[in-house]
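Input: a single structure, listed below in structure tokens.
Bear in mind that the values in this text are calculations on the coordinates, not laboratory data. Given the structure is predicted, the values throughout are model-derived calculations rather than measurements. Neighbour counts are summed over all protein chains in view; Cβ atoms, including those assigned to glycine, are modelled from backbone coordinates with ideal geometry.
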Amino acid sequence: MTAHPPNTATAVFFAPARINLIGEHIDYTQGRVLPASLTLGTRVTMRPRADRQLSLHSVNLDESLQVSLPLGAQTRRGHWSDYVCGVAWALEELGISLAGAQLEIESDVPLGAGLASSAALEVATALALLERAGRRLPARELALACLRAESDWVGTRCGPMDQLIALYGRCGQALLLDCATLESRVIDVPADGAWILADTRVHHAHASGEYNARRSESEQLARAAATGGREMRSLRDFSSGDVAAVGASLSPVLARRLRHIATENRRVLDAVSALQRADLPALGALLSASHKSLRDDYEVSCPELDAMVELACVLPGVFGARMHGGGFGGCALILAAADRAAQIAETLRERYERATGIVPWIHLCRIGDAARRLR
Ligand code: GLA
């Protein structure tokens with residue numbers, strides 16, 4: 001941790017949202033994932049205050065509130081300010097004494113769409129609070145503090161992917177992130193492939209509970225694997241033979257969960273090879289296989305996501321598609337030929353609206369840089 005003079009001037013910070021090309025629901029089982037940071041993100045403008053108050057304002061929601069440092073558990077409110085307060089709490093838990101600030105938050109990331117809007121808010125907030133306090137943390141420690149805010153303060157027991165990619169992302173590149181060691185490698189993303197996000201605009205209320213339930217199931221699986229006497233570091237090392245052997249002693253539900261974890265880990269490595277060969281059809285097929293596995297084995301999709309994926313996959317120029325992020329609503333991610341992406345987006349918008357009566361949000365992704373100070 002390094003110290004520099006506390007900031008007494010206004011400063012603006014940005015942290016990106018992300019897509020995850022493939023490797024869904026395996027970051028919390030020490031899997032490998034393949035996220036990329038977007039040009040969409042959250043901006044926090046920090047203006048110093050002389051006292052130990054944090055005054056927060058969400059431009060998007062036109063909501064303000066004020067909290068006093070240090071934060072106690074009683075300041076948990078069950079809304080967006082929890083992410084900000086959680087970060088302040090996690091930084092103070094590291095022994096960093098924060099100073100008062102006014103934080104104005106503005107975002108162009110759709111909320112609850114599976115694009116890691118919460119991690120973007122956490123990371124931009126952390127950069128702003130550290131600057132105000134005159135402290136710096138290495139990217140990895142900063143990401144882990146934000147992760148702690150999300151799991152221990154907000155209560156979503158997510159994996160490390162979102163916070164790390166917000167801090168490690170690189171323009172035009174994805175990151176092969178090893179969630180066991182937290183080491184990463186950049187992988188070029190071919191420019192002739194377009195990554196399209198199609199938000200179903202549905203958010204099922206049980207999503208966060210189901211997310212934590214999947215995590216608990218994966219912990220049961222890790223225990224079952226350990227008691228099976230397997231000398232494996234984690235579930236990601238399971239071959240299809242191991243899945244069959246261990247699966248026989250599990251409930252049908254847990255056996256399906258295990259199959260998703262094992263096959264999705266394999267697909268991530270295959271996707272890296274496909275990216276390195278710039279083989280978009282092979283990459284698309286992996287995305288579509290991932291969707292089936294998330295839908296049938298991990299059971300984190302929903303009818304609207306399945307409809308979006310099916311509607312996308314029949315369009316000329318689409319290589320593959322899948323549900324994206326935590327699931328139970330939010331976005332599908334579609335890989336398409338770049339020169340047909342605009343037409344695909346238009347047709348998909350019409351067909352999804354016709355099928356469901358809901359107007360989707362469709363976005364052609366640009367892979368941008370990691371979190372940073374803007375000014
Ligand atoms: C959410 C979590 C991530 C990850 C994804 C699913 O976005 O925040 O850690 O688990 O779901 O891959």
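Within 10 Å of each residue's Cβ, count the other Cβ atoms and sort THR75, THR156 from fewest upward.
THR156, THR75
Working out 0.36 nm times the residue gap between ASP369 and GLU353, then minus their Cα-Cα distance, what length gain in nm do you get to one decimal?
The span from ASP369 to GLU353 would gain 2.5 nm if fully extended.
222 nm [θ] for the chain, helices only, -39500 (n - 2.57) per DSSP H run of 4+, per residue, to 500?
On the way: 10 runs with 142 residues, N = 375.
Rounded to the nearest 500, the figure is -12500 deg cm²/dmol.
Under 10 Å, Cα contacts only: if you run a Gaussian network model on the chain, which one of GLU264, GLU219, GLU150 comes out with the highest mean-square fluctuation?
Taking springs between Cα atoms under 10 Å, the residue moving most is GLU219.
Relative to the longest principal axis of the C-alpha atoms of the chain, give the angle of the C-alpha long axis of helix 81-93, reported between 0 and 90° and rounded to the nearest 10°.
The two axes meet at around 70 degrees.
Residue separation times 0.36 nm, minus the C-alpha to C-alpha distance between HIS204 and ASP178: what's the value?
Taking HIS204 through ASP178 to full extension adds about 6.4 nm, to one decimal.
In terms of modelled amide H atoms, which long-range or inter-chain residues lie less than 5 Å from the amide H of GLY172?
Counting only residues 5 or more places away or on other chains, the set is ILE367, GLY368.
Normalised by the residues of segment 193-364, what does the relative contact order come to in percent, with Cα pairs under 8 Å and at least six apart?
35
Each residue of segment 97-109 in order: what ³J(HN,Hα) in whole Hz does its phi give by Karplus 6.51 cos²θ - 1.76 cosθ + 1.60, θ = phi - 60°, with x for Gly and Pro?
Karplus-based 3J(HN,Hα) across segment 97-109 equals 8, 8, 10, x, 7, 9, 10, 9, 10, 9, 9, 10, 9 Hz.
Given the options ALA90, ALA166, ALA321, state which has the largest fluctuation in a GNM of the chain using a 10 Å cut-off (strictly under) for Cα springs.
ALA90
Could you list MET323, MET161, MET308 so that the one with the fewest beta carbons within 10 Å of its beta carbon is first and the one with the most is last?
Ranked by crowding around the Cβ, least crowded first: MET161, MET323, MET308.
What do you get for the angle between helix 139-148 and the principal long axis of the chain? Use alpha-carbon atoms, 0 to 90 degrees, nearest ten.
Orientation of helix 139-148: about 90 degrees from the principal axis.
I'd like the distance separating the alpha-carbon centroids of segment 288-358 and segment 5-76, in whole Å.
The distance from the Cα centre of segment 288-358 to that of segment 5-76 comes to 29 Å.
Taking the Cβ of each residue in ILE165, ILE22, ILE196 as the centre, tally the other Cβ atoms inside 10 Å and list the residues starting with the fewest. The partial results should precede the final answer.
Details: ILE165 33, ILE22 30, ILE196 23.
With the sparsest Cβ surroundings first, the list reads ILE196, ILE22, ILE165.
Taking θ = phi - 60°, what integer Hz values does the Karplus form 6.51 cos²θ - 1.76 cosθ + 1.60 yield along segment 259-269, in sequence order, with x for Gly and Pro?
With coefficients 6.51, -1.76 and 1.60, one gets 4, 4, 4, 5, 6, 5, 4, 5, 5, 4, 5 Hz.
Suppose a student asked you for the relative contact order of segment 1-135, using Cα pairs under 8 Å spaced at least 6 residues apart; what percent would you report?
Relative contact order comes out at 36 percent.
Please compute, over every Cα-Cα pair in segment 245-375, the percentage with a separation greater than 20 angstrom.
I get 52 percent for the Cα pairs in segment 245-375 exceeding 20 Å.
Can you list residues from other chains, or at least 5 along the same chain, whose modelled amide H is less than 5 Å from the amide H of ARG135?
HIS4
Which far-off residues, 5 or more places away or on another chain, put their amide H under 5 Å from the one on HIS324, with H placed in the peptide plane?
Amide H neighbours of HIS324: CYS331, LEU333.
Of the residues GLY330, GLY31, GLY317, which exhibits the maximal mean-square fluctuation in a Gaussian network model of the chain defined by a 10 Å Cα contact cut-off?
So, out of GLY330, GLY31, GLY317, the one fluctuating most is GLY317.
I need the phi-derived Karplus couplings for segment 167-172: 6.51 cos²θ - 1.76 cosθ + 1.60, θ = phi - 60°, integer Hz, Gly and Pro marked x.
9, 10, x, 9, 3, x
Among 117-124, 13-20, 38-45, what's the highest-first ranking by average C-beta atoms within 10 angstrom per residue? It would help to have the intermediate numbers written out before the result.
On the way: 117-124: 30.1, 13-20: 28.0, 38-45: 23.1.
The packing order, highest mean first, is 117-124, 13-20, 38-45.
Taking every eigenvalue of the Cα gyration tensor of the chain, multiplying by 5 and rooting it, what semi-axes result, largest first, whole Å?
With the √(5λ) rule applied to the chain, the semi-axes are 34, 25, 19 Å.
What FRET efficiency comes out for ALA338 versus ARG49 if R0 is 51 angstrom and r is the Cβ-Cβ distance? Round to the nearest 0.05.
Numbers: r = 47 Å, r/R0 = 0.92.
After rounding, the FRET efficiency stands at 0.65.
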